[in-house]
Structure formats: C-alpha cells, structure tokens
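Worksheet: the structure to be examined is printed underneath.
The values are calculated or read from the model by the stated rules, or taken from the named source; none is laboratory data. Since we're looking at a predicted model, the values are computed, not measured. Reconstructed Cβ throughout: ideal geometry from the backbone, glycine too, with neighbour counts over all protein chains shown. In case anyone asks, the SASA skips ligands and DNA or RNA and just uses the protein heavy atoms, side chains included. Shrake-Rupley method; radii C 1.70, N 1.55, O 1.52, S 1.80 Å.
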Amino acid sequence: EFLNDPTVGELRIGCTEFGTTALVPLVIDGLLQRHPGLRFHVITAETVALATEDLPQRRIELAVGGIPADLPADIQGERLFTDQHVIMAGLHSPWVRRRKLVLADLLEGPWVLPPPGSLARRFIDGAFAAHGLAPPVAQVSSFSTLLTNQLLATGRYLAILPRESVRMAKHLPIKPVNVAFAGIERSIGIMTLKHRTVSPQAGLFIAAMRLAAAAAMKSRR
C-alpha cells in the first residue's frame, strides 16, 4: 500500500529551463502543499535532449516541454496546449512602447538567442526567412533562461520566448513587442516512455499538469 501511495515518494522529471519559470513550479508547489511527502528531482535540458537521451536512458520518468515533431519511436507525447514564441522585451524597453514598428526595425537590436545550430535557433531563423528577412545576429547566444530574463529586464535587449509561458510566469518583467511577426508555434506537453506504466507519483503529477494547463488556457480566454 505504501509503494502504491501517489502522495509519498520521489519523482524524477525533466523540463526545459524556461519551463522552470512557468507551469512546472506552479504544479510542483500545488502538489507539495497538499502532499508534503512527495519529493521532486528536476533536471533541465533542451527538449531534444530530454526526448532522445534522458527519457530513453530512464534518468527521468517524464518530461515537460515542447514536443518535437519527430519524436523517437519509443517516446509518446501528450499535448497540453499550443504556445507561440514571439518577440519579447523588458517592460521598460523603448520597443515595447512603440506602436508603429516593422520587423526590419528590430534586426539591428541587441538580441539574446539560442545557440547556433540548435533546434530552437533553426525555428527562429526559419520564422525570419518566412518574412523575407535574414535572421538577426545574436549578441548573446545561450539556452540560459535566467541570463535571458536578466538581460531583457534592462530594457536594452530582444529575445524570442513563448507567449503563454511568459503570461503564466507573472513575476517576469517581460512583454511582447507590438510588431507583425508570424511567431513559432510549439505544442507544449508531457513526454513519457511508450508501453511503460508510469508510477503513481507520475500519474498524480500528470493529472495536476492537465488541470493547471486547462485552467491557464481558460483564464486566457
């Protein structure tokens, strides 16, 4: 009975670094308030690494983040909501205050972007190409969400971040820039190993994620 109790024990999960600022901490905090016997071990990595390395090698039981279009055959994904990566700046940025921007106006701005060659960077390059523009040159290349948020907060930098996740993380001093940009749609959800029953603790976490995501989307509407 103790082993089957979902309210005690350890759960190992993975998420992107940006995920640690939004839905994941909300769910963890909610569960711990109700079930203090739970213990969470959280690792952060890029989505592709979570799906191709951490899950198959069973370093984690589940992953939360953008679901890659080409998931490995032994991984299954459950979409919770669709997020759109858009251009963001700090709340006090001059770009946020301007209302007659075109995308070309931003190309020379100081940009913080994912490292060259990464999947996220390829999506960004493709989005600018869809507008007939060369992608911006990053003055800072990093996966670090903390670094990106700190730089954006100065009001001097631009980045491309998920709109809904930023909205959920109400403490971040960041806002979308009012400019025509197609954005990058990503399915955000939960990834687990196929043909493997998840632990009771993982089942409890997944159920809480579904409820939290549904509540967030309802509040948006």
* Given the structure, is Glu78 at pLDDT 95 or above, open to solvent by less than 50 Å² (accessible area, probe 1.4 Å) and charged (D, E, K, R)? -> no
* Asked: Is there any pair with a first residue in region 183-197 that is of a type in the set (S, T, N, Q) and a second that is surrounded by 18 or more Cβ atoms within 10 Å (Cβ to Cβ) whose Cβ atoms are under 7 Å apart and which are 6 or more apart or on different chains, and what are they?
  -> Ser187/Gly66; Ser187/Ile67; Thr192/Leu62
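Within region 33-58, restricting attention to residues that are within 20 Å of the chain's Cα centre (by Cα), among the charged types (D, E, K, R) and open to solvent by 50 Å² or more (accessible area, probe 1.4 Å), which residue is farthest from Thr16 (Cα to Cα)? Spell out the reasoning first.
Here is the first cut: in region 33-58, the ones within 20 Å of the chain's Cα centre (by Cα) are 40-55.
Subsequent filtering for residues that are among the charged types (D, E, K, R) retains 46, 53-54.
Among the residues that remain, those that are also open to solvent by 50 Å² or more (accessible area, probe 1.4 Å) are: 46, 53.
Details: Glu46: 5, Glu53: 14 Å.
Selected residue: Glu53.
Is region 89-97 home to any residue that is touching a helix residue (DSSP H, G or I) at 6+ places or on another chain (Cβ under 6 Å), farther than 20 Å from Gly66 by Cβ and not in a loop (DSSP other than H, G, I, E, B)? Spell out the reasoning first.
First pass over region 89-97, keeping only residues touching a helix residue (DSSP H, G or I) at 6+ places or on another chain (Cβ under 6 Å): 89-90.
Still in the list and also farther than 20 Å from Gly66 by Cβ: 89-90.
Keeping just the survivors that are not in a loop (DSSP other than H, G, I, E, B) gives 89-90.
There is at least one residue in region 89-97 that is touching a helix residue (DSSP H, G or I) at 6+ places or on another chain (Cβ under 6 Å), farther than 20 Å from Gly66 by Cβ and not in a loop (DSSP other than H, G, I, E, B).
Consider region 1-22. How many of its residues are surrounded by 15 or more Cβ atoms within 10 Å (Cβ to Cβ) and either modelled with pLDDT of 95 or more or not in a helix (DSSP H, G or I) (or both)? Let's see the steps before the verdict.
First, the residues of region 1-22 that are surrounded by 15 or more Cβ atoms within 10 Å (Cβ to Cβ): 6, 9, 11-22.
Still in the running and either modelled with pLDDT of 95 or more or not in a helix (DSSP H, G or I) (or both): 6, 9, 11-17, 22.
The number of residues fulfilling the criteria is 10.
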* Does Leu103 fit the bill of being modelled with pLDDT under 95 and out of contact with any His (no Cβ under 9 Å at 6 or more places or on another chain)? -> no
* Candidate set from region 178-221 (those that are touching a helix residue (DSSP H, G or I) at 6+ places or on another chain (Cβ under 9 Å) and basic (Lys, Arg)); member that is most open to solvent (accessible area, probe 1.4 Å) -> Arg220
* Check on Gly126, farther than 30 Å from Arg196 by Cα, outside any helix (DSSP H, G or I) and out of contact with any Cys (no Cβ under 6 Å at 6 or more places or on another chain) -> no
* Is it the case that Ala49 is more than 22 Å from Arg167 (Cβ to Cβ) and among the small types (Gly, Ala, Ser)? -> yes
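Kindly indicate whether any position in region 23-37 is within 21 Å of Gly183 (Cβ to Cβ), modelled with pLDDT under 95 and not in a helix (DSSP H, G or I).
Within region 23-37, the subset within 21 Å of Gly183 (Cβ to Cβ) is 23.
Now restrict to residues that are modelled with pLDDT under 95: 23.
Remaining after also requiring not in a helix (DSSP H, G or I): none.
The answer is no, given that none of the residues of region 23-37 is within 21 Å of Gly183 (Cβ to Cβ), modelled with pLDDT under 95 and not in a helix (DSSP H, G or I).
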* Kindly provide the set of residues from region 146-159 that are in contact with a Leu (Cβ under 7 Å, 6 or more places away or on another chain) and either assigned to a helix (DSSP H, G or I) or aliphatic (A, V, I, L, M) (or both), ordered by number. => Asn149, Leu158, Ala159
* Quick check: is even one residue across region 170-184 touching a Leu at 6+ places or on another chain (Cβ under 6 Å) and among the aliphatic types (A, V, I, L, M)? -> yes
* Asked: List, please: which pairs have Cβ atoms under 9 Å, are six or more places apart or on different chains, and start with a residue in region 86-112 that is closer than 23 Å to Glu164 by Cβ and surrounded by 13 or more Cβ atoms within 10 Å (Cβ to Cβ) and end with one that is charged (D, E, K, R) and modelled with pLDDT under 90?
  -> Val86/Arg163; Met88/Arg163
